[in-house]
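Peer 1: Here it is: the structure, laid out below.
The values are calculated or read from the model by the stated rules, or taken from the named source; none is laboratory data. Worth saying up front: this structure is predicted, and the values here are computed from it rather than measured. Cβ atoms come from the backbone with ideal geometry, glycine included; neighbour counts cover every protein chain shown. All accessible areas refer to the heavy atoms of the entire protein, side chains included, with ligands and DNA or RNA removed. Shrake-Rupley method; radii C 1.70, N 1.55, O 1.52, S 1.80 Å.
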Amino acid sequence: RPLLRIAHGGLAVAAAAAVLAGLGWLATRSGAGTDTASGAGADSAAVDSAHTPAGPLGRPAYLACTRLLAEGEVTRVVPVPGTDRERVTLDVARSYVPAGADPAQVTFVKDDDAVLGAPRHLHVGDYVLVAVARRADTADFWFVGEEAVAEQRRAIAGALPRARTGTCP
């Protein structure tokens with residue numbers, strides 16, 4: 001019996017370690033879609049931002065490195081042939097980056113990898129907030145639904161003024 005308890009305890013510890021390792025792997029994948037050769041700074045900012053209480057978009061260093069940060073309604077989703085990516089067109093309701101003249105529509109590419117609990121696929125009619133780093137060829141983050149977008153909007157409001165006066169690391 002004591003050996004059986006020790007074996008079960010060891011299995012429980014191993015299972016917990018496997019879960020933690022898996023969560024660590026998912027956290028490092030939160031920057032999926034960034035160009036790791038040329039976008040190391042943006043990629044690390046994306047990964048670090050996943051641990052920020054204000055949310056992924058509450059870090060001025062990450063926002064300083066974005067080329068697209070906008071919210072609006074998805075009007076078109078087209079699979080990119082031969083890949084696990086989708087080309088998404090968004091009717092922009094609010095553009096944070098680029099600031100100033102809001103584009104009527106933006107198109108971005110997203111991988112099939114779910115990021116921070118975001119749905120794997122977007123659909124026409126979804127209300128989305130999307131972030132794409134300067135050196136990335138796909139979206140770093142996307143948030144779907146008014147509740148998720150509103151939470152990130154608060155984080156952006158606190159971090160964006162500092163990001164505009166900072167530089168991209």
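Peer 1: When you scan the range 63-89, how many residues do you find that are part of a loop (DSSP other than H, G, I, E, B) and under 15 Å from the mean Cα position of the chain (by Cα)?
Peer 2: Final tally of qualifying residues: 2.
Peer 1: Which residues, counting only those in the range 128-155, are in a loop (DSSP other than H, G, I, E, B) and either closer than 17 Å to ARG87 by Cβ or modelled with pLDDT of 90 or more (or both)?
Peer 2: Step one: list which residues in the range 128-155 are in a loop (DSSP other than H, G, I, E, B), which gives 134-140, 145.
Selection gives ALA136, ASP137, THR138, ALA139, ASP140, GLY145.
Peer 1: Only residues in the range 120-134 that are hydroxyl-bearing (Ser, Thr, Tyr) count as the first member; pair them with residues that are open to solvent by less than 10 Å² (accessible area, probe 1.4 Å), Cβ under 9 angstrom, at least 6 apart or cross-chain, and list the lot.
Peer 2: Going by the 9 Å Cβ cut-off, the qualifying pairs are TYR127/GLU71; TYR127/GLY72; TYR127/VAL74; TYR127/VAL149.
Peer 1: In addition: Out of (1) farther than 14 Å from LEU57 by Cα; (2) modelled with pLDDT of 90 or more; (3) surrounded by fewer than 17 Cβ atoms within 10 Å (Cβ to Cβ), what's the single condition that is false for ALA114?
Peer 2: Failed condition: (2).
Peer 1: Could you identify the single residue in GLY125, GLY55 that is small (Gly, Ala, Ser) and at pLDDT 90 or above?
Peer 2: Details: GLY55 fails: at pLDDT 90 or above.
None of the others qualify; the one that does is GLY125.
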